[in-house]
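A.B. asks: Below: one structure in structure tokens.
The values are calculated or read from the model by the stated rules, or taken from the named source; none is laboratory data. All values derive from a computational prediction rather than experimental measurement. Cβ: placed from backbone, ideal geometry, glycine included. Neighbour counts: every protein chain shown. Just so you know, the surface numbers come from the protein's heavy atoms only, side chains and all, with ligands and any DNA or RNA stripped out. Shrake-Rupley method; radii C 1.70, N 1.55, O 1.52, S 1.80 Å.
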Amino acid sequence: MSIVTRFPPSPTGYLHIGGARTALFNFLLARKHGGRFILRIEDTDQARSTPEMTQAILDGMRWLGLAWDEGPYLQSERTAIYNDHVEKLLASGHAYYCDCSPEEVDAMRERARAAGLKPKYDGRCRERNLGPGPDRVVRFKTPQTGKIVFDDMVKGTIAWDVQELDDFIIRRADGSPIYQLAVVVDDALMGVTHVLRGDDHQSNTPKQILLYEALGYPLPRFGHVPMILGPDKKKLSKRHGAMSVMAYKEMGFLPEAMVNYLARLGWAHGDDEIFSLEELLEKFSVEGLGRSPSVFDMHKLTWVNSHYIKTSSPERLAPLVAELLTPMLGCAPDEDLVRQVVPLYQSRAKTLREMAEAATFFFVPTVDLTYDAKAVETHLGAEARQHLTALREVLAGITDFSVPALEAAVGAYLNAVSKPFKAIAQPLRVALTGGTVSPGLFETMAVLGKDRVLERLQHAATLIPS
RNA sequence: GUCCCCAUCGUCUAGCUCGGUCCAGGACACCGGCCUUUCACGCCGAUAACAGGGGUUCAAAUCCCCUUGGGGACGCCA
């Protein structure tokens, strides 16, 4: 049997961490078995759905590399299909019209809650045989006795007493379908065989199973993955900071790092930690999914990201860093220079943004270079001035600015004045970079180039009071 | 409140299906040390968990029950 999965986000928000992980799992499940992965936009709530969010979700999916095979389908364009099904349900006696006002229903729920019972609609319109009319919703006629049992792909057998359910609405008074109806109809019609979704949908499953049965459609397999929690162990939400997957792009995370981290949140394959998308395709299986909620850990995400930064080619990283650098510099940096700078930071930066920020001194003109006052004060004194001036002459005399040549030249100077490298390292660094932290000095000088090195040495000398 | 689900280091987790090989393994973080021109990287090392209580059994992290704790759901949202 061919597997068909889907990811059905609601365009009422961005593609967030939890949604992205669900999408990933569904993508992997389908692709691993040569099946199809469908993207469907659940915008039946016209009041809260926006095209901008749909676009944002698509952008997020693309950034992560989660290519869908079908869709995106828009539920808002399928109203007629849902209505056909509502009519079928009405005709077969599985549904009925109800004219209770929202206030009346609220009151019922309130009473039930006060009595220590589960808040439910009491079914008072069940046998009234109401026809269509304004302000009338359609409710599903939930069986009054029985159990619904299903075998969850991740949690095993789950059972519900049908008495926990009430006659839920399947079509609004304005004629639009409710989620429960729309998902079932679409999943059935689109041939979805496996529904992997968040835990928060677990309680919807019995209702949906009832709908499948009433409609005479075959049931898919359901699987509910636990929620992703914030550091406070509460459901991850905006309170916990960046939720949009694209926000992580802005923060300098690589999509492959995001995918890798997300995959490991709630899923494991032995002790393995690093997975490319290809490896995930090969190793993913629902058996590896965990049953308990997991906490989103920025530290580990960052570590995964630093791993990919270290192992990616400078060619891959350079354009991404340039993109981040542009707004910081006010203009696009020289791509070739970026390519030379990136390797110096691959083991030093944990995010691309960090890399861009740390490397700005390579790109700003010497006159605009910011010198850290504290650094200048502690490292640029009278003695430093002498060394820097002398070093400038030494360096002016060589044409080969390769790392070994620079090492040799500086080494010879140090020998002549019998000083250890330590004596000039920090002054040199401050003079060249404006601060006390940078990649290795010789690499830095090599990339900076002769002209700018001499320029900065001269400029730095002017900062030292004589 | 009612119902559903869950429960191994601070965090992600392996182990649980087929109880012994687990005085519980890996990773991140944290803390030490080494390396060293700064910062990183790298390497070495340390601290750290089977929620509690009952069973079953020769033997339980692994099976059963209860308690506690956590999460989710109870919408004319999805």
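A.B. asks: Among the residues of the stretch A:395-431, write down those that are open to solvent by less than 30 Å² (accessible area, probe 1.4 Å), touching a residue at least 40 places away in the same chain (Cβ under 8 Å), more than 9 Å from RNA strand B (Cβ to nearest atom) and not aromatic (F, W, Y).
C.D. replies: A:L395, A:L406, A:P427, A:V430, A:A431
A.B. asks: Can I ask one more? Considering only residues that are of a type in the set (A, V, I, L, M) and closer than 25 Å to A:G146 by Cα, which ones fall in the stretch A:166-181?
C.D. replies: The answer is A:I169, A:I170, A:I178, A:L181.
A.B. asks: Pull up the stretch A:269-317, narrow it to residues that are more than 10 Å from RNA strand B (Cβ to nearest atom) and of a type in the set (K, R), then point me to the one that is surrounded by the most Cβ atoms within 10 Å (Cβ to Cβ).
C.D. replies: So, considering only residues that are more than 10 Å from RNA strand B (Cβ to nearest atom) and of a type in the set (K, R), the one surrounded by the most Cβ atoms within 10 Å (Cβ to Cβ) is A:K283.
A.B. asks: Could you pull out the residue among A:I209, A:I148, A:I178, A:I170 that is under 27 Å from A:F7 (Cα atoms), near RNA strand B (Cβ under 8 Å from one of its atoms) and in contact (Cβ under 8 Å) with a residue 24 or more places away in the chain?
C.D. replies: A:I178 is the lone residue from the list that is under 27 Å from A:F7 (Cα atoms), near RNA strand B (Cβ under 8 Å from one of its atoms) and in contact (Cβ under 8 Å) with a residue 24 or more places away in the chain.
A.B. asks: Kindly indicate which of A:Y217, A:Y261, A:Y248 is aromatic (F, W, Y) and surrounded by fewer than 16 Cβ atoms within 10 Å (Cβ to Cβ).
C.D. replies: After ruling out the rest, the residue left standing is A:Y217.
A.B. asks: Within the stretch A:217-260, count every residue that is on the phi > 0 side of the Ramachandran plot and in contact with a helix residue (DSSP H, G or I) (Cβ under 9 Å, 6 or more places away or on another chain).
C.D. replies: 2
A.B. asks: Assuming A:D167 fulfils every condition listed in (1) crowded, with 17+ Cβ neighbours inside 10 Å; (2) part of a helix (DSSP H, G or I) apart from one, which condition is it?
C.D. replies: (2)
A.B. asks: While we're looking at this one, here's another question. Scanning the stretch A:91-145 for residues that are of a type in the set (G, A, S) and within 11 Å of RNA strand B (Cβ to nearest atom), which turns out least open to solvent (accessible area, probe 1.4 Å)?
C.D. replies: A:A112
A.B. asks: A further question on this structure: What are the pairs, 6+ residues apart or on separate chains, where a residue within the stretch A:257-271 that is farther than 16 Å from A:V225 by Cβ and at pLDDT 95 or above has its Cβ under 9 Å from a residue that is within 7 Å of RNA strand B (Cβ to nearest atom) and assigned to a loop (DSSP other than H, G, I, E, B)?
C.D. replies: A:N260/A:E273
A.B. asks: Still on this structure, I have one more. Looking only at the stretch A:275-296, count how many residues are touching a residue at least 24 places away in the same chain (Cβ under 8 Å) and part of a loop (DSSP other than H, G, I, E, B).
C.D. replies: The number of residues fulfilling the criteria is 7.
Okay, residues lined up against (1) at pLDDT below 95; (2) aromatic (F, W, Y); (3) outside any helix (DSSP H, G or I):
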| residue | (1), (2), (3) |
| --- | --- |
| A:L181 | no, no, no |
| A:R197 | no, no, yes |
| A:K207 | no, no, no |
| A:Y212 | no, yes, no |
| A:L219 | no, no, yes |
| A:K233 | yes, no, yes |
